[in-house]
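The values are calculated or read from the model by the stated rules, or taken from the named source; none is laboratory data. These numbers come from a predicted model, not from an experiment. Here the Cβ is made from the backbone with ideal geometry for all residues, glycine too, and neighbour counts use every protein chain on show.
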Amino acid sequence: MKSINKEYKEGDNFMIKKGIIITVVILMAACVFSACARKAKTPSAVTSIEQKENKGSQQESNSLTENTVQNVCIDYQIESYKNVQKFGYMLFAQHINDKNPVISPVSAYLALSMAGCGANGATKEEFYNVLGNDMLPLSDDMMNRLPTTGDWMNLSIANSAWIDNKFVADATWLGTVKSLMDAEVFQDELSTEQTMDKINRWINDKTNGLIDTMITQPLDIQTRLVLFNTVYFKGKWELPFESQNTRKEDFYIQKGQGTANQVEMMNLYLTELEYIANDCMEGVILPYQKNDINNDGTLAFIALKPTGEETIRDIYSKLTDEVISDLLAKGQTEIVNLKLPKFEVTFDKKLNESLINIGLTECFEEQKANFDQLGKTINNDTLYIDLVRQKAKIIVDEEGTEAAAATEVLMMDRGAMLISDPREVYFNEPFIYMIMDMQTDVPLFLGILDNPNTETK
């Protein structure tokens, strides 16, 4: 097994020896997404790569037959999302010292759940300890609630499994990932340039062209299984920033020091916003426009900064799911003058060591990993996870709609009448931000902005 301490670099090939590769790809374009339900799907047969691209062809393919995929249904009632919340905060804490870090806890959770439902024995127990023994109900619920398409936002989540011809996937596992996670499943020889191109085209399509190349060399000849999760979203602020109010202003890179960078700073004036605070931090909640005005689901951008002399890393060390829930519960509507920088961040990281540090260890060990519920190779070789990688891109700007802009004007007018001394909340220093599902307090995306002028990779 390769050393987990080797840092991933842009353009590195996915190399694996008799193992599993799990790759998580997250793309955020603009700043918004919402929730809606989807209809349950009946799983179809596993598709060969050629069959997928040549529908209607009479050419014999190496895809599995319809009868080899079992439809999987589970009955459940979600009582708590704490396992997703805790997983997200623990995982992000492993990258707290990176520059401009951002991760998607939800995307990592979904990708790992695809692998976890094929684990057995002590390996399965580790997945339960880290993700919770309700990882399948939670994954199914998120796949049902989150995707949406409409005038204000588009959010798509896609999963896929790429299976080598020398691996025979378990029918129950296939049915689980297809029924509960809508995974597309392909089977072919994985170590060819043709397969590399097909994978890159699949990712390019699912991310709307924002990631056009993920793999730069053919996979190793002993690669047996590759799992992908992609998230793409684009949407509108409910209260958009007026572009004429964006100007060059100071952003202080280090708290308490005079050095500042000039950044594009967006401004909202005399606007009704939900203000949140406790004894060491303060922030605001910026809601996103919903596609369905009758949908109670709400997604919001949350920004937090220190109120005292502590650094943003000090503040994050105090964040837990309970602290966030308490902050949100005590939020109050106030008239606010807000400054928020425009920024674009790309974050591309290998997560193996981070996951080992929070309790997933055996799955990375060639001699200990137990994934016998995934299936078996023709030589009965043992599978283990060789790589978990996540790539995220976030773009935050003024983008909005006419309807939302009209709402902002009305609020500005009301604010001017209600209060003459608005609260000033200026994010002109490093701050924590989240894209939050306000129904469940689950952070869909979680990051720290250290420097708006740096596109970190």
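Every residue, every condition in (1) over 19 Å from Gln373 (Cα atoms); (2) outside the structural domain of Phe364 (by TED's automatic domain parsing); (3) more than 20 Å from the chain's Cα centre (by Cα), yes or no:
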| site | (1), (2), (3) |
| --- | --- |
| Leu131 | no, no, no |
| Asp134 | no, no, no |
| Pro137 | no, no, no |
| Met143 | yes, no, no |
| Pro147 | yes, no, no |
| Leu155 | yes, no, no |
| Ala158 | yes, no, no |
| Trp162 | no, no, yes |
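Would you point out the residue of segment 423-452, among those that are farther than 24 Å from Asn100 by Cβ and out of contact with any Phe, Trp or Tyr (no Cβ under 8 Å at 6 or more places or on another chain), that is surrounded by the fewest Cβ atoms within 10 Å (Cβ to Cβ)?
Glu424
Name every residue in segment 298-317 that is within 26 Å of Trp237 (Cβ to Cβ) and free of Cβ contacts under 8 Å to residues at least 40 places away in the same chain, in order of residue number.
Here is the first cut: in segment 298-317, the ones within 26 Å of Trp237 (Cβ to Cβ) are 298-307, 312, 315-316.
Scanning segment 298-317 gives a single hit, Thr307.
Hey, can you tell me all the residues within segment 447-457 that are of a type outside the set (Lys, Arg) and either modelled with pLDDT under 85 or assigned to a loop (DSSP other than H, G, I, E, B) (or both)?
Asp450, Asn451, Pro452, Asn453, Thr454, Glu455, Thr456
Looking only at residues in segment 255-284 that are polar (S, T, N, Q) and within 27 Å of Ala329 (Cα to Cα), which one is surrounded by the fewest Cβ atoms within 10 Å (Cβ to Cβ)?
First pass over segment 255-284, keeping only residues polar (S, T, N, Q): 257, 259, 261-262, 267, 271, 278.
Those still in the list that are within 27 Å of Ala329 (Cα to Cα) too: 267, 271, 278.
Numbers: Asn267: 18, Thr271: 23, Asn278: 14.
By that ranking, first place goes to Asn278.
Per-residue answers, yes or no, for (1) within 26 Å of the chain's Cα centre (by Cα); (2) in a strand (DSSP E or B); (3) in the same structural domain as Gln254 (by TED's automatic domain parsing); (4) at pLDDT 85 or above:
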residue: Ala406; (1), (2), (3), (4): no, no, yes, no
residue: Met411; (1), (2), (3), (4): no, no, yes, no
residue: Gly415; (1), (2), (3), (4): no, no, yes, no
residue: Asp421; (1), (2), (3), (4): no, no, yes, no
residue: Val425; (1), (2), (3), (4): no, yes, yes, yes
residue: Asn428; (1), (2), (3), (4): yes, no, yes, yes
residue: Ile435; (1), (2), (3), (4): yes, yes, yes, yes
residue: Phe445; (1), (2), (3), (4): yes, yes, yes, yes
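Among the numbered conditions (1) over 19 Å from Leu360 (Cβ atoms); (2) without any contact (Cβ under 8 Å) to a residue 40 or more places away in the chain, tell me where Tyr81 comes up short.
That leaves (2) as the condition not met.
Report whether or not Ile395 is outside any loop (DSSP other than H, G, I, E, B) and modelled with pLDDT under 85.
Yes: the conditions hold for Ile395.
List pairs: first residue in segment 318-342 and assigned by TED's automatic domain parsing to the domain that holds Val284, second residue part of a helix (DSSP H, G or I) anywhere in the structure, Cβ distance under 7 angstrom, at least six positions apart or on different chains.
Sorted first by the residue in segment 318-342, then by its partner, the pairs are Leu319/Tyr89; Thr320/Tyr89; Asp321/Lys82; Asp321/Gln85; Asp321/Lys86; Asp321/Tyr89; Ile335/Gly415; Ile335/Leu418.
Inside segment 220-254, can you point out the residues that are surrounded by 21 or more Cβ atoms within 10 Å (Cβ to Cβ), among the hydrophobic types (A, V, I, L, M, F, W, C) and over 30 Å from Arg313 (Cα atoms)?
Matches in segment 220-254: Leu225, Val226, Leu227, Phe228.
Might you let me know whether segment 144-155 holds any residue that is hydroxyl-bearing (Ser, Thr, Tyr), at pLDDT 90 or above and surrounded by 23 or more Cβ atoms within 10 Å (Cβ to Cβ)?
No, segment 144-155 contains no residue that is hydroxyl-bearing (Ser, Thr, Tyr), at pLDDT 90 or above and surrounded by 23 or more Cβ atoms within 10 Å (Cβ to Cβ).
Of these, Thr216, Thr195, Thr176, which one is part of a loop (DSSP other than H, G, I, E, B) and in contact (Cβ under 8 Å) with a residue 24 or more places away in the chain?
On the way: Thr195 fails: part of a loop (DSSP other than H, G, I, E, B); Thr176 fails: part of a loop (DSSP other than H, G, I, E, B).
Step by step, each of Thr216, Thr195, Thr176 is checked, and only Thr216 is part of a loop (DSSP other than H, G, I, E, B) and in contact (Cβ under 8 Å) with a residue 24 or more places away in the chain.
So, in segment 159-173, how many residues would count as being part of a strand (DSSP E or B) and within 14 Å of Met114 (Cα to Cα)?
Qualifying residue count, segment 159-173: 6.
Any idea which residue in segment 286-309 is farthest from Glu272 (Cα to Cα), counting only those that are modelled with pLDDT of 90 or more and surrounded by 15 or more Cβ atoms within 10 Å (Cβ to Cβ)? Even if it seems obvious, please write down each step before you answer.
So the first thing to find is which residues in segment 286-309 are modelled with pLDDT of 90 or more, and the list is 286, 301-307.
So of that shortlist, the ones also surrounded by 15 or more Cβ atoms within 10 Å (Cβ to Cβ) come out as 286, 301-306.
Working: Leu286: 10, Phe301: 15, Ile302: 15, Ala303: 16, Leu304: 17, Lys305: 19, Pro306: 22 Å.
Among those residues, the one meeting the criterion is Pro306.
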